[in-house]
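Comments concern the structure below.
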Amino acid sequence: MVITTSVVGQNPLTQNSNNLKLEKEAKALTKKYNDQLALRAEQMNLFEIKVEEFLINEQKIRNSNLSTKQKLVDLRKNYDMESADMGDILTRPQLKLYKKLKPEYQAIEPVVVKKANGNH
């Protein structure tokens, strides 16, 4: 059984202004993927919401007080979970192409480490 809902208004995950940048990034990424994946309208909406959700998770991990090593582990888990969740949105051929495109479109950026004395 598949249940779909329409999203009207703002996504509650993006209501604060810090996440407006992530919302725009999710829209841009969705458009970029759509150029290759030819998403249906419903897929496009779900895809964008999913990308934004994982961008927010990535930001939370990067801004956390976790060790650099743990941040890298958690960023990789987030990246892999996003790919797995796309299996619920994309067709098999689309998912296969998505997984090929993702390393180019959404590479995991390095974790920036600050020096202990506060100088950069």
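The values are calculated or read from the model by the stated rules, or taken from the named source; none is laboratory data. Since we're looking at a predicted model, the values are computed, not measured. Note: ideal-geometry Cβ built from the backbone for every residue, glycine included; neighbour counts use all protein chains shown. Just the protein is used for accessible areas: all its heavy atoms, side chains included, with ligands, DNA and RNA removed. Shrake-Rupley method; radii C 1.70, N 1.55, O 1.52, S 1.80 Å.
Quick notes on this one:
- The residues listed here are LEU13, LEU22, LEU39; of these, the one that is at pLDDT 95 or above and among the aliphatic types (A, V, I, L, M) is LEU39.
- If you go through the range 61-73 and keep only what is touching an Asp or Glu at 6+ places or on another chain (Cβ under 9 Å) and not aliphatic (A, V, I, L, M), you end up with ARG62, SER64.
- Test: residue in the range 49-68 that is free of Cβ contacts under 8 Å to residues at least 24 places away in the same chain, charged (D, E, K, R) and under 22 Å from GLN94 (Cβ atoms): no
- Screening LEU95 on (1) of a type in the set (A, V, I, L, M, F, W, C); (2) open to solvent by less than 40 Å² (accessible area, probe 1.4 Å); (3) in a loop (DSSP other than H, G, I, E, B) shows it passes everything except condition (3).
- Hey, ALA107 modelled with pLDDT under 95, open to solvent by 60 Å² or more (accessible area, probe 1.4 Å) and among the small types (Gly, Ala, Ser) or not: no
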